[in-house]
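Below: one structure, written as structure tokens.
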Amino acid sequence: MNFQQLKIIREAARCQCNLTEVAKILYTSQSGISRHIRELEDELGVELFIRHGKRMLGLTGPGKEMLVIAQRILDESAKAKRLGQLFTAQEAGILTIATTHTQARYSLPAILKQFRSRYPHIQVVLNQATPEEIRDQVISGEADIGLASEGLAHSGKLTTFPWFKWNHRILVPREHPLAQEDKLSLEQLANWPLVTYRAGMTGRSVIDEAFQAVSLLPNVVLSAQDSDVVKTYVRLGMGIGIIAETAADHDDPELISLEARHLFNSNTVWLGVKQGQLQRDYLWQFMTLCNPNLSEDELKQMARGISENTELGYDFQI
């Protein structure tokens, strides 16, 4: 048994047993993937995959158990690799942040500018993704930290910290009949085509819940992943926009931004790190820049699940 075989089990589960995709991810051939699987099954004496001819349709019962073991072994291997990094080159390295377009475009620039001045030799990588992808990237170790309004707070494999609260705003073209309204209602919005975020993105659930609470069905004619796309189609007259307030440009020559705090509940942007993951000090420094109300020690204690009354000791299994 070897690490390549364990990686194949993990990636096969992620890719719904599409061995072509697994081969691309692991930079090998499909025939090599098949050979590794056969060798592992021969060694264990059980079939790990459900097969239909040459196609693999899913994991068998033993295959699902093997997946749990493989994930645990690969996680521990990743910790071992990070252990050396933790005590060396603290002023250099890579910080990989998985986040949505809205946070990368509108919320992170000021924070990253401060971080860059403090750690000029740290390379920052921004992975723009959906909340689900962000969560998975942090859990798998592909990203060090995830930032999103949805999908992070309720993951059992992440420790999350609040960054800031925000609200939505309404966007209309300057000549729109609603442009001069002081206080819009959900009933008014329901009478117009809407352009906003797609399901699972940037507080979309809060928008849907608000309409559902008053038994209204919003006419969402276009949904998109990021704020700039929404604004583009509002400018084209396709509908009224509902976007994050951080993305609403009050000086836009073509659009009017209207208050929506009374319509939709506030949202929280969460910072998420993998539970039990060894982290470099500069990651904690980045998080204190995001949330100055928490000290580095408090962040570490929260991430490790240590209470204030617990005697601290260094644990390589954090």
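The values are calculated or read from the model by the stated rules, or taken from the named source; none is laboratory data. The model shown is predicted, which means the values in this text are computed figures rather than measured ones. Backbone-built Cβ (ideal geometry, glycine too); neighbour counts: all protein chains shown. All accessible areas refer to the heavy atoms of the entire protein, side chains included, with ligands and DNA or RNA removed. Shrake-Rupley method; radii C 1.70, N 1.55, O 1.52, S 1.80 Å.
List of remarks:
- Check on ARG261, touching an Asp or Glu at 6+ places or on another chain (Cβ under 6 Å) and either at pLDDT 95 or above or on the phi < 0 side of the Ramachandran plot (or both): no
- Selection count where residues are surrounded by 17 or more Cβ atoms within 10 Å (Cβ to Cβ) and under 19 Å from PHE264 (Cβ atoms), scope the stretch 164-191: 10
- ILE73 being open to solvent by less than 20 Å² (accessible area, probe 1.4 Å) and in a helix (DSSP H, G or I): no
- Residues (among the small types (Gly, Ala, Ser) and more than 13 Å from ALA13 (Cβ to Cβ)) located in the stretch 58-83: GLY61, SER77, ALA78, ALA80
- Selection count, the stretch 24-51, where residues are surrounded by 14 or more Cβ atoms within 10 Å (Cβ to Cβ), of a type in the set (Gly, Ala, Ser) and outside any helix (DSSP H, G or I): 0
- Qualifying residues in the stretch 210-245 (those that are over 15 Å from THR100 (Cα atoms) and free of Cβ contacts under 8 Å to residues at least 24 places away in the same chain) - the one surrounded by the fewest Cβ atoms within 10 Å (Cβ to Cβ): SER215
- Close pairs (6 angstrom Cβ cut-off, 6 or more residues apart or separate chains): in contact (Cβ under 8 Å) with a residue 12 or more places away in the chain in the stretch 12-37, assigned to a loop (DSSP other than H, G, I, E, B) anywhere: VAL22/CYS15
- If you check GLY241, GLY237, GLY276, GLY272 for being in a strand (DSSP E or B) and more than 19 Å from ARG204 (Cα to Cα), only one passes: GLY272.
- The residues in the stretch 167-187 that are out of contact with any Asp or Glu (no Cβ under 6 Å at 6 or more places or on another chain) and assigned to a loop (DSSP other than H, G, I, E, B) can be counted, and the count is 12.
- Residues of the stretch 92-135 satisfying the condition of being free of Cβ contacts under 8 Å to residues at least 24 places away in the same chain and either not in a helix (DSSP H, G or I) or not aliphatic (A, V, I, L, M) (or both): PRO109, LYS113, ARG116, SER117, PRO120
- For ILE207: the one exception among (1) open to solvent by less than 10 Å² (accessible area, probe 1.4 Å); (2) out of contact with any helix residue (DSSP H, G or I) (no Cβ under 6 Å at 6 or more places or on another chain); (3) part of a loop (DSSP other than H, G, I, E, B); (4) under 14 Å from ALA260 (Cβ atoms): (3)
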